[in-house]
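A quick write-up on the structure given underneath.
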Amino acid sequence: MRLLLVEDDEMIAETVLESMRRAGYAIDWAQDGREAELSLGNGVYDLVLLDLGLPKRDGIEVLNSYRRAGGDAAVIVLTARDAVDARIRGLDAGADDYLIKPFDLDELAARIRALLRRRTGQKHPVFTHGELTLNPAAHEATKNGELLPLVPREFALLQALIDEPTRVFTKVELEEKLYGWGEEVGSNTIEVHVHSLRRKIGAEQIVTVRGVGYRLKRCE
Ligand code: CA
């Protein structure tokens with residue numbers, strides 16, 4: 001899952017970035033409205049955390065133009081306590097949810113999970129695919145009921161695959177889901193993660209589609 005944080009307050013941004021990375025998300029940071037628009041233009045995000053009071057371009061304008069251009073990432077608007085009007089305008093401009101500053105990081109994480117679940121049409125908080133389950137809230141994955149000892153990138157990789165279990169992902173698409181800007185990604189990084197994930201969940205669980213990429217094995 002790839003997130004974008006749009007926030008001009010450095011203190012807030014650093015706290016959110018650190019907490020989301022610890023939760024296993026790839027997250028990028030845009031510090032003003034223009035940077036947000038440029039970042040959103042590349043279409044890789046699943047969810048956007050959008051502050052409304054921004055330099056260069058107002059958050060509502062950013063959201064309006066993003067939605068008009070067909071942008072469909074889930075959007076959580078971050079606003080000040082007394083800004084009822086801004087929250088209403090945010091929701092009307094196409095935000096899916098809002099949080100009032102200062103917000104609790106655990107609440108933010110729970111709302112992100114809820115929106116990502118809704119986005120993938122998954123009402124149940126636990127993903128199931130054959131013998132595998134993945135619980136994003138508990139950060140736990142199991143095979144036949146046994147807990148799998150996955151490191152965060154392996155967990156993120158499994159989450160990407162299980163999210164759209166019939167889709168074949170290219171290496172570039174997986175890199176975009178697992179890494180934010182400025183993170184060093186070697187040419188064989190995804191192969192290395194696939195290899196180590198296969199060792200833990202069973203090689204047969206991830207199918208290599210020659211010349212294209214990877215997907216989960218089909219289940220009846
Ligand atoms: Ca601000």
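The values are calculated or read from the model by the stated rules, or taken from the named source; none is laboratory data. Bear in mind the structure is a predicted one, so any value in this text is a computation, not a measurement. Every residue, glycine as well, gets a Cβ built from its backbone with ideal geometry; the counts of neighbours run over all protein chains shown. Just so you know, the surface numbers come from the protein's heavy atoms only, side chains and all, with ligands and any DNA or RNA stripped out. Shrake-Rupley method; radii C 1.70, N 1.55, O 1.52, S 1.80 Å.
Is there a residue being closer than 23 Å to residue 3 by Cα, open to solvent by 30 Å² or more (accessible area, probe 1.4 Å) and part of a loop (DSSP other than H, G, I, E, B) anywhere in region 191-212? No, there is no match, as no residue in region 191-212 is closer than 23 Å to residue 3 by Cα, open to solvent by 30 Å² or more (accessible area, probe 1.4 Å) and part of a loop (DSSP other than H, G, I, E, B). Of the listed requirements (1) surrounded by 14 or more Cβ atoms within 10 Å (Cβ to Cβ); (2) of a type outside the set (Phe, Trp, Tyr); (3) assigned to a helix (DSSP H, G or I), residue 88 misses just one: (1).
Taking region 1-73 and the strands (runs of 3 or more DSSP E) fully enclosed by it, the elements with 1 or more residues that are without any contact (Cβ under 8 Å) to a residue 40 or more places away in the chain are at 26-30.
For region 152-181: of the residues being surrounded by fewer than 16 Cβ atoms within 10 Å (Cβ to Cβ) and touching a residue at least 12 places away in the same chain (Cβ under 8 Å), which is farthest from residue 207 (Cα to Cα)? Show your work before the answer.
Of all residues in region 152-181, those surrounded by fewer than 16 Cβ atoms within 10 Å (Cβ to Cβ) come to 152, 164, 166-168, 170, 172, 181.
Imposing the further condition that a residue be touching a residue at least 12 places away in the same chain (Cβ under 8 Å) reduces the set to 152, 164, 166-168, 170, 181.
Working: 152: 21, 164: 14, 166: 11, 167: 11, 168: 9, 170: 12, 181: 28 Å.
Across region 152-181, the extreme among qualifying residues is 181.
There is at least one residue in region 25-38 that is more than 15 Å from the ligand (Cβ to nearest atom), closer than 19 Å to residue 178 by Cβ and open to solvent by 10 Å² or more (accessible area, probe 1.4 Å). Filtering region 138-148 for residues that are open to solvent by 20 Å² or more (accessible area, probe 1.4 Å), assigned to a strand (DSSP E or B), out of contact with any helix residue (DSSP H, G or I) (no Cβ under 6 Å at 6 or more places or on another chain) and polar (S, T, N, Q) leaves a non-empty set.
For region 47-59, the count of residues that are more than 16 Å from the ligand (Cβ to nearest atom) and either farther than 29 Å from residue 155 by Cβ or surrounded by fewer than 21 Cβ atoms within 10 Å (Cβ to Cβ) (or both) is zero. Within region 101-126, which residues are assigned to a helix (DSSP H, G or I) and not charged (D, E, K, R)? Across region 101-126, the qualifying residues are 105, 108, 109, 110, 112, 114, 115, 116. If we keep just the residues of region 61-81 that are open to solvent by 10 Å² or more (accessible area, probe 1.4 Å) and in contact with a strand residue (DSSP E or B) (Cβ under 9 Å, 6 or more places away or on another chain), which is nearest to the ligand (Cβ to nearest atom)? Only one residue fits best here, namely 80.
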